[in-house]
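A short write-up of the structure that comes next.
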Amino acid sequence: MAKPLADLAERKAQSKRVLRRLKADYPEVECALAHDSPEQLLVATILSAQCTDARVNIVTKELFAKHPTPADLAKLPIARLEGFVKSTGFFRNKAKNIKACCIELVEKHGGEVPQDMDTLVGLAGVGRKTANVVLGTAFGLATGVVVDTHVGRLSRRTGLTAEKDPVKVERGLMEILPRKEWVDFSHRMIYHGRQICDARRPKCDECSMRKFCPQIGV
């Protein structure tokens, strides 16, 4: 089995190859979570934990049609909110966090998403990954690299990192990728993970990276 690239220069060189192919294969990318505002994106991202984006989009279509703003969600009885989000899993905790988060947005931030990492991660249900998604997608702010299961898996398989902890994976990717690429890199890796580099059955014969990918763990 091939070993991860340990040398920083090697990982940077590999990241350029990976990035070049991703940009060629997926020139136009966007966040898969449906939303009409940064606030809706924040709620959708909280719901996406341990849940598919497709399922979240089904749930939020009905939720946002009736309760589109943080003020609306803040006033929604918790039992009603739980009913809306039940199919996303861990629904009680998600509903509690969404309600608390929206109350704080209304009371402390004028009903709008704050545009800085430290303030965002202080909100209920918001970790660094969620904050990166919102800041990058809604505001174009490259504060970090979103590391979900696809990004983590593909980064290890292509030799960009040997780490399994998402925080360490992100730190390593930030070290080797140009800052201007951080936001779209994650979107492209997610596209590639869904279409080609599947967790259980990767389509290596169809992959544009097959000539230089070490296929670690495959």
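Read-outs: derived from the displayed coordinates by stated rules, not from any lab. For clarity, every value in this text was computed on a predicted model and none was experimentally measured. Quick reminder, even Gly has a Cβ in these numbers, built from the backbone with ideal geometry, and neighbours come from all protein chains shown.
Each label was represented as a point 7 Å from its Cα along the Cα-to-Cβ direction; for residue 179 and residue 55 these points are 3.7 nm apart.
For segment 128-205, which trypsin sites (Lys or Arg not before Pro) are both in a DSSP coil and crowded by at most 11 other Cβ atoms within 10 Å? Before the final figure, lay out the partial values.
Values: sites: 128, 129, 153, 156, 157, 164, 168, 171, 179, 180, 188, 194, 200, 203; in loops: 164, 200, 203.
Taking segment 128-205 and a limit of 11 other Cβ atoms within 10 Å, the loop trypsin sites (Lys or Arg not before Pro) found are 164, 200, 203.
Using a basic spin-label model with each label point 7 Å from the Cα along Cα→Cβ, how many nm lie between residue 218 and residue 93? It is 3.3 nm.
With a ≥ b ≥ c taken as the square roots of the eigenvalues of the C-alpha gyration tensor of segment 89-134, please select rounded if a/c is under 1.5 and otherwise prolate if a/b is larger than b/c or oblate if it is not? In terms of gyration-tensor shape, oblate.
A straight chain from residue 28 to residue 201 at 0.36 nm per residue would run longer than the Cα-Cα distance by 59.8 nm. Contact order, relative form, for the chain: 26 percent (alpha carbon pairs under 8 Å, 6 or more residues apart, mean separation divided by residue count).
The value of relative contact order for segment 38-130, using C-alpha pairs under 8 Å at least six residues apart, is 32 percent. Helix-only arithmetic for the chain: the sum of -39500 (n - 2.57) across DSSP H runs with n ≥ 4, divided by the residue total, places the mean residue ellipticity at 222 nm at -17500 deg cm²/dmol.
Straight Cα distances below 17 angstrom link residue 99 to the lysines 66, 75, 86, 108, with same-chain residues fewer than 8 positions distant left out.
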